[in-house]
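Some notes on the structure that comes next.
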Amino acid sequence: MQKAASHSIQRGFRPTYTPCLDEECQDLLKQYEESGDPDIADHLIESLDAARWHRWEELTSKMNFTHSSRKSWALIRRLGVAQQPPKSTHPSVSANAVAAHLFQVAKAPYDKKFERQVRMQGRTLLQQMSNKSLPHPFTEKISTTLQKTKPASATAPGYDNIHVEFLKNLGSKARTWVSKFFSRIMATHSISKIWRNGMV
């Protein structure tokens, strides 16, 4: 799955944003990367400074408190923050302290009746599989479950780094393999160790 994802999903398509990097500066940057000439680098810095100064003059000339004071005040506030950057204050409570407190206090809701019902179903299923033959693959259940699965914005991958999108976009062949895989788990009564761990 990870090979298919790395092959199909584009990576590195977000360029690094440089303010006022126009076409002339981009050409100078390419020339500098090819040649490494310091004179070209100086010319590039001068062009960037001139473009930024032009942008600053254009921005300040458009300031108009009578027409739209919101933009002007926002610019003034940003300039004040730039002159006096906020002091980085360390939080009084550390992340480890919060995690330790949650570990002591927070508990998931526990339903004894539901757990008893699941255990009974598991026991009856294990009794039916006396010769440890693989049960019938439940491909339809996997398809319906994947349709009901939340998008990846609500869930995060585990240690196996398999995202929800990987599973939701599986083809018929891969879904058949996944159904056989889960059927084998039911037959051998063993779950891989990596699935017993969770990132909280």
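Pairs are defined by a Cβ separation below 9 Å, a sequence spacing of at least 6 or placement on different chains, a first member in segment 48-64 that is in contact (Cβ under 8 Å) with a residue 12 or more places away in the chain, and a second member that is small (G, A, S); the pairs so defined are M63/S72. Criterion applied to N161, N169 was being on the phi > 0 side of the Ramachandran plot, out of contact with any Leu (no Cβ under 8 Å at 6 or more places or on another chain) and either surrounded by 13 or more Cβ atoms within 10 Å (Cβ to Cβ) or at pLDDT 75 or above (or both), and the one residue passing it is N161. Exactly one residue out of A154, A174 is modelled with pLDDT under 80 and either farther than 15 Å from Q2 by Cα or hydrophobic (A, V, I, L, M, F, W, C) (or both), and it is A154.
Do we have any residue at all in segment 72-90 that's at pLDDT 70 or above, among the hydroxyl-bearing types (S, T, Y) and not in a loop (DSSP other than H, G, I, E, B)? Yes, the conditions are met somewhere in segment 72-90. On inspection, A95 does not qualify as within 37 Å of the chain's Cα centre (by Cα), modelled with pLDDT under 85, surrounded by fewer than 10 Cβ atoms within 10 Å (Cβ to Cβ) and closer than 30 Å to D22 by Cβ.
Scanning segment 171-199 for residues that are assigned to a loop (DSSP other than H, G, I, E, B) and in contact (Cβ under 8 Å) with a residue 40 or more places away in the chain yields a count of 3. Does any residue of segment 20-29 turn out to be in contact with a His (Cβ under 7 Å, 6 or more places away or on another chain) and surrounded by 10 or more Cβ atoms within 10 Å (Cβ to Cβ)? Among the residues of segment 20-29, at least one is in contact with a His (Cβ under 7 Å, 6 or more places away or on another chain) and surrounded by 10 or more Cβ atoms within 10 Å (Cβ to Cβ), which makes the answer yes.
The values are calculated or read from the model by the stated rules, or taken from the named source; none is laboratory data. The structure displayed is predicted, hence computed values, not measured ones. Every residue, glycine among them, receives a Cβ derived from its backbone with ideal geometry; neighbour counts consider all protein chains shown.
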